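J.: Pasting a structure below so you can have a look.
The values are calculated or read from the model by the stated rules, or taken from the named source; none is laboratory data. Keep in mind that this is a model prediction, so the values were computed, not measured. Here the Cβ positions follow ideal geometry from the backbone for every residue, glycine too, while neighbour counts run over all protein chains shown.
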Amino acid sequence: MVARVRKLIERFVGGGLGGETVRYVIVGALTTLVNFGLFELMHVIIGIDVTVSNVTSISVSILFAYVANKLVVFKRRSGSAPALAFEFFKFVGSRLFTMALEVGAVALFYGVLGFDARFGKIAAQAIVIVANYAISKVIVFRGG
């Protein structure tokens, strides 16, 4: 049992996929802080509509996530302007897909079920984080 846990920890913090995973977790945490921080500022402090605040905070965090994932997590450098544009298009398209999942979950928990808006964002994050990594790894930054 101890050997299995040690092996799992070594894989997580070691090189290769493990190092990439650690970088993804760190960048994801920072992206989440951008997302939640802006949402908190707009909706809770300023009082802007929950959906407007949510879409805005997700959009800003998508831009942050692209740069951070490209340069820090997957360490990709695009060779040409068209390649960079296509990669960015794939990233934004995938994040718009997961943004729709998140917005739908927040709307469900907040608007339909009557839970706190923060709860809806937290609940949606588990699915969104896994989906974003898988899509980035397999579709957007593959081969990096």
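J.: Return the residue satisfying two criteria in turn: it lies in region 17-28 and is at pLDDT below 90 and either aromatic (F, W, Y) or within 10 Å of the chain's Cα centre (by Cα) (or both), and of such residues it is surrounded by the fewest Cβ atoms within 10 Å (Cβ to Cβ).
T.: This residue is V25.
J.: Would you please name the residue that is surrounded by the most Cβ atoms within 10 Å (Cβ to Cβ), looking only at residues in region 62-119 that are among the polar types (S, T, N, Q) and more than 15 Å from the chain's Cα centre (by Cα)?
T.: Checked region 62-119; the qualifying residue surrounded by the most Cβ atoms within 10 Å (Cβ to Cβ) is S78.
J.: Please specify each residue of region 76-125 satisfying the condition of being outside any helix (DSSP H, G or I) and either within 13 Å of V140 (Cβ to Cβ) or among the hydrophobic types (A, V, I, L, M, F, W, C) (or both).
T.: Residues satisfying the conditions are R76, S78, L113, F115.
J.: Right, next: Any chance region 81-91 includes a residue that's modelled with pLDDT under 85 and either among the hydrophobic types (A, V, I, L, M, F, W, C) or within 21 Å of L30 (Cα to Cα) (or both)?
T.: The answer is no; no qualifying residue exists.
A quick yes/no check of all residues on (1) more than 17 Å from T32 (Cα to Cα); (2) without any contact (Cβ under 8 Å) to a residue 12 or more places away in the chain; (3) among the charged types (D, E, K, R); (4) in contact with a Phe, Trp or Tyr (Cβ under 8 Å, 6 or more places away or on another chain):
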{"position": "N54", "(1), (2), (3), (4)": "no, no, no, yes"}
{"position": "G93", "(1), (2), (3), (4)": "yes, yes, no, no"}
{"position": "A100", "(1), (2), (3), (4)": "no, yes, no, no"}
{"position": "I122", "(1), (2), (3), (4)": "no, yes, no, no"}
{"position": "F141", "(1), (2), (3), (4)": "yes, no, no, yes"}
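J.: Mind checking which residues of region 60-75 are assigned to a helix (DSSP H, G or I) and either in contact (Cβ under 8 Å) with a residue 60 or more places away in the chain or within 16 Å of T21 (Cβ to Cβ) (or both)?
T.: Scanning region 60-75 gives A65, A68, N69, K70, V72, V73.
J.: Please indicate, with yes or no, whether at least one residue in region 125-139 is in contact (Cβ under 8 Å) with a residue 40 or more places away in the chain, crowded, with 19+ Cβ neighbours inside 10 Å, of a type in the set (A, V, I, L, M) and within 22 Å of A29 (Cα to Cα).
T.: Checked against the condition, which is being in contact (Cβ under 8 Å) with a residue 40 or more places away in the chain, crowded, with 19+ Cβ neighbours inside 10 Å, of a type in the set (A, V, I, L, M) and within 22 Å of A29 (Cα to Cα), region 125-139 yields no hits at all.
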